[in-house]
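The structure under discussion appears below in the form of C-alpha cells.
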Amino acid sequence: MTDPSMSLAEIFRRLIRTNGPISLSRFMGESNARYYAGKDPIGAGGDFVTAPEISQMFGELIGLWLADMWIKAGRPDPVLYVELGPGRGTLARDVLRSAKRYGLVPAVHLVEGSPALREIQQATLGNITFHDDLTGVPTHAPMLLVANEFFDALPVRQLVRAAHGWRERMVGLDGEKFAFVAGDQPMDAAVPRDWRKASQGTLIETCPGAAAVMQEIAGRLAAQGGAALLIDYGHTELRGGSTLQAVQGHRKVDPLAMPGQADLTAHVDFETLARIARSHDVRWMGTVPQGRWLTALGIDMRAEALARMAPDYAVRLQQDKNRLIADDQMGLLFKVMGLAGPGWPGGSGFDHT
C-alpha cells in the first residue's frame, strides 16, 4: 500500500522507476484529484479566480438566460438546476437568485468531487444534492445545466507525430525531475482523421474525459429535455500545440514541477464537443466568445444599474465588467456553448438559435 503521507511527486517517481513513463493524462488526472481534494483553491487567497468570483453580473446573466429558456419552454415543473464543478457555490447562488425573480425555482444538483468544496457549497446554498458525476443526477425532469471552467481541468492526452507515426507524450524522469518523453506505442487510431498525415513534430491534444461527459450531457438533453451552457477557455476549431498549463498563487508555473500542488488545465476543444452534441437529437446553438455573449445579454445595462445603486463601486464595476468581456481579458479566449433538448427553444446571444 502507498504511504498516505507520501507526496504525489514521490509516488510518481517510484511508479516511473518501477514501470517506466506514465501518460500525461494519468499525471494530470491524479494531480488534479489530489489538488482539489483537500483545499479551496479559488479566490484572492487561493491559486486562481473564476468569472463568478469576479462579478455577480456573470451569474445573474446566466440565471436570466436559463429563466428565459424555461419560460419559452412552457415553465416545465419540476425542473433541475445542475452544475458541474461548482467551485465555491458563488455561480449557483447568483444564478438561482436571478432566476427566482422570474419564477424559476429548480431543485439544485451539484456534481462535485472535492469534500472541501462541498462544505463551502453547502454553507452557501443550503438545500442541495451532491453527486460524484452526472450519471447520479435524476432523469425524471428537464435539466438546466451549467459547466463553468469544468472541462479545462479534465485530463488530456498529448499525441505527437514522430518519424514512424503518432506516439503519446508521456511523463518520465530526468534525474529527479519530471520530463516529457515519447511513448513507444503507435497511437494513430486515436488521432482525428484530418490530422493523421500532419508533418513530423506536430502535437495535438485530445480529452477522452470531456468527450464522455459531453456524451452524457447530450444524451440527457435528448431524453429529458432542458438546456445547457458550457463556458470555458478554448478554441472553436482543434489546433496544434500544447496548451497544458499550471497555476499556483495566481502565477503560471511548470506543469510538471509540483504534481498535486498546482491546478493543471488545458484549452477545451469545443469543435469536438459540438460534433458530439450534434450526433444526438440536441440543438447546438453555437459557440461564441464570452465577451460577445455577455454583451448580447445586457451586461452593460446591468453594470450601469448596479453603479446607480452603489456609486462608490462604479469604477470597480467597470473594471470587473471589462475583465469579463474585453478581448485582451476573458472576452475572447473564453467561449460559451449553448445546447437545448428537442422541442426546446433557441437561446439569446448565439449565432445559431
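The values are calculated or read from the model by the stated rules, or taken from the named source; none is laboratory data. The structure presented is a predicted model; accordingly, all values stated were derived computationally and were not measured. Cβ sites come from the backbone with ideal geometry, for glycine too, and all protein chains shown count toward neighbours.
On the basis of being out of contact with any Lys or Arg (no Cβ under 6 Å at 6 or more places or on another chain) and within 16 Å of Val49 (Cα to Cα), does Leu230 make the cut? No: the conditions fail for Leu230. Here Ala223 fulfils each of the conditions (1) in a helix (DSSP H, G or I); (2) touching a helix residue (DSSP H, G or I) at 6+ places or on another chain (Cβ under 8 Å); (3) over 23 Å from Val160 (Cβ atoms) apart from (2). Considering only residues that are touching an Asp or Glu at 6+ places or on another chain (Cβ under 6 Å) and within 22 Å of Leu134 (Cα to Cα), which ones fall in the stretch 95-110? Residue satisfying the conditions is Leu110 alone. Trp344 falls short of the stated requirement of being touching a helix residue (DSSP H, G or I) at 6+ places or on another chain (Cβ under 6 Å) and either touching a residue at least 60 places away in the same chain (Cβ under 8 Å) or small (Gly, Ala, Ser) (or both). Restricting the first member to the stretch 13-25 and to residues that are in contact (Cβ under 8 Å) with a residue 60 or more places away in the chain, and the second to residues that are assigned to a helix (DSSP H, G or I), the beta-carbon pairs closer than 7 Å and six or more apart or on different chains are Ile22/Phe12; Ile22/Leu15; Ile22/Ile16. All of Asp328, Asp300, Asp320 fail the test of being part of a helix (DSSP H, G or I), of a type in the set (Asp, Glu) and under 23 Å from Met69 (Cβ atoms), apart from Asp300. Scanning the stretch 173-212 for residues that are of a type in the set (Asp, Glu), surrounded by 11 or more Cβ atoms within 10 Å (Cβ to Cβ) and closer than 29 Å to Ala9 by Cα returns Asp184, Glu205.
Among the residues making up the stretch 276-297, those that are touching a strand residue (DSSP E or B) at 6+ places or on another chain (Cβ under 9 Å), within 25 Å of Asp194 (Cβ to Cβ) and not in a strand (DSSP E or B) are Ala277, Arg278, Val282.
Among residues that are of a type in the set (Asp, Glu) and either out of contact with any helix residue (DSSP H, G or I) (no Cβ under 8 Å at 6 or more places or on another chain) or buried (at least 19 other Cβ atoms within 10 Å of the Cβ) (or both), Asp328 is included. Filtering the stretch 156-172 to residues that are surrounded by 22 or more Cβ atoms within 10 Å (Cβ to Cβ) and part of a loop (DSSP other than H, G, I, E, B) leaves only Val156.
For (1) of a type in the set (A, V, I, L, M); (2) free of Cβ contacts under 8 Å to residues at least 60 places away in the same chain; (3) in contact with a helix residue (DSSP H, G or I) (Cβ under 6 Å, 6 or more places away or on another chain), each residue gets a yes or a no:
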{"position": "Gln248", "(1), (2), (3)": "no, no, no"}
{"position": "Lys252", "(1), (2), (3)": "no, yes, no"}
{"position": "Gly260", "(1), (2), (3)": "no, no, yes"}
{"position": "His267", "(1), (2), (3)": "no, no, no"}
{"position": "Thr272", "(1), (2), (3)": "no, no, no"}
{"position": "Thr287", "(1), (2), (3)": "no, yes, yes"}
{"position": "Gly291", "(1), (2), (3)": "no, yes, yes"}
{"position": "Leu294", "(1), (2), (3)": "yes, no, yes"}
{"position": "Leu297", "(1), (2), (3)": "yes, no, yes"}
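The residues on offer are Gly298, Gly346, Gly286, and the sole one that is in contact with a His (Cβ under 7 Å, 6 or more places away or on another chain) and not basic (Lys, Arg) is Gly286. Close Cβ contacts (under 6 Å, 6 or more residues apart or on different chains) running from residues in the stretch 98-110 that are in contact (Cβ under 8 Å) with a residue 24 or more places away in the chain and closer than 22 Å to His140 by Cα to residues that are of a type outside the set (Gly, Ala, Ser) and assigned to a loop (DSSP other than H, G, I, E, B) comprise Pro106/Val79; Val108/Ile128; His109/Val137; Leu110/Pro86; Leu110/Ile128.
Considering each residue of the stretch 29-50 in turn, at least one proves to be basic (Lys, Arg) and either closer than 21 Å to Leu339 by Cβ or in contact (Cβ under 8 Å) with a residue 60 or more places away in the chain (or both).
Residues that are of a type in the set (A, V, I, L, M, F, W, C), more than 18 Å from the chain's Cα centre (by Cα) and either over 20 Å from Gly74 (Cα atoms) or assigned to a helix (DSSP H, G or I) (or both) within the stretch 89-107 comprise Leu96, Ala99, listed in sequence order. When the criteria are applied in full, Asp232 meets the requirement of being under 14 Å from the mean Cα position of the chain (by Cα) and not small (Gly, Ala, Ser). Against the conditions (1) surrounded by fewer than 19 Cβ atoms within 10 Å (Cβ to Cβ); (2) at pLDDT below 95; (3) of a type outside the set (Phe, Trp, Tyr), Ala222 satisfies every one except (2). Is it the case that the stretch 335-350 has a residue that's crowded, with 17+ Cβ neighbours inside 10 Å, of a type in the set (A, V, I, L, M) and not in a strand (DSSP E or B)? No, every residue in the stretch 335-350 fails to be crowded, with 17+ Cβ neighbours inside 10 Å, of a type in the set (A, V, I, L, M) and not in a strand (DSSP E or B). Against the test of being part of a strand (DSSP E or B) and of a type in the set (D, E, K, R), the options Asp152, Asp194, Asp232 yield a single qualifying residue, Asp232.
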